[in-house]
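Bear in mind these aren't lab numbers, they're just calculated from the coordinates by the rules spelled out. Since we're looking at a predicted model, the values are computed, not measured. Positions of Cβ are generated from backbone atoms using ideal geometry, with glycine treated the same way; all protein chains shown enter the neighbour counts.
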Amino acid sequence: MPSKKALVRRPGPRLAEGLVTHIEREKVDHGLAVEQWDAYVEALGAQGWETLEVDPADDCPDSVFVEDTVVMYRNVALITRPGAESRRAETAGVEEAVARLGCSVNWVWEPGTLDGGDVLKIGDTIYVGRGGRTNAAGVQQLREAFEPLGARVVAVPVSKVLHLKSAVTALPDGTVIGHIPMTDVPSLFPRFLPVPEESGAHVVLLGGGRLLMAASAPKTAELLADLGHEPVLVDIGEFEKLEGCVTCLSVRLRELYV
């Protein structure tokens, strides 16, 4: 049976100081961000997901974006080495959390850098974005960790957005969706569906055809509903000011041995 557990991490007091790279900095309302995070966690719970809160990392402004700290494949956790040095202290609490769940734990080592937001899994194919936060050594270490387990790792260029999953995610049937202006090489994906909004490129598969999506992408939600999916919308506007999206606020653990 697939597992439905998700790691989350509460926004820290320094959230407004989080890194921005491809957008202009905007003022972040911390109180509203906490409310939006609570609603995000509640949405996961309402869809049958058990959320597990990772210990806070209050000195790390970006720690709420917990997905960047670990990549899961089956029951194996690869603890990342984030491309931004200021984020590397975020991984310790996540390592403890996955170890408590019985995962086999591996690590990315210097000189490799890898952000979990650069990793898109579709079945046994793992696409990894090679760009600002993930380097060639990080891609190679990802291969070394997961290809012996049956994964096929495909590196793709990322230059227009922060992470690969800032540009593309995938529907339950494996079709990759993305906003064309933000996607480097759409033709790298066997099936690609353009969506009309940048934030519409981000979906979390909840099960049963349901897709967790940002409320800022109503046209894309309508498109996907017309295709037979069931969008579940959440407002994450304060996190979008920090280049965040619905994928990076949790780590979905779908293949734990339970």
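Key figures
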read-out: DSSP bridge pairs, the chain: antiparallel proportion in percent, nearest 5; value: 45
read-out: Region 24-178: relative contact order as a whole-number percent, Cα under 8 Å and 6+ apart; value: 17
read-out: Phi-based couplings in Hz for region 60-68 (Karplus 6.51, -1.76, 1.60; Gly and Pro marked x); value: 10, x, 9, 5, 4, 7, 5, 4, 5
read-out: Long-range amide H partners of Ile122 with built H, under 5 Å; value: Tyr127
read-out: Span from the region 179-205 Cα centroid across to the region 206-245 one, whole angstrom; value: 13
read-out: Projected-area average for the chain over all orientations - Cα convex hull basis, square nanometres; value: 12.1
read-out: Virtual spin-label span in nm between Glu110 and Glu255, 7 Å along Cα→Cβ; value: 3.2
read-out: Theoretical FRET efficiency, 1/(1+(r/R0)^6), r = Cβ-Cβ of Ser3 and Val154, R0 30 Å, to 0.05; value: 0.75
read-out: Dipole magnitude of the chain, debye to nearest 20 (Cβ charges: Lys/Arg +1, Asp/Glu -1, about Cα centre); value: 760
read-out: Between region 83-142 and region 32-75, the Cα center-to-center distance that results, in Å; value: 16
read-out: Net charge dipole size for region 1-59 [Lys, Arg +1 and Asp, Glu -1 on Cβ; Debye, nearest 20]; value: 220
read-out: Potential lengthening between Arg14 and Glu230 on full extension [0.36 nm per residue; Cα-Cα distance subtracted]; value: 74.3 nm
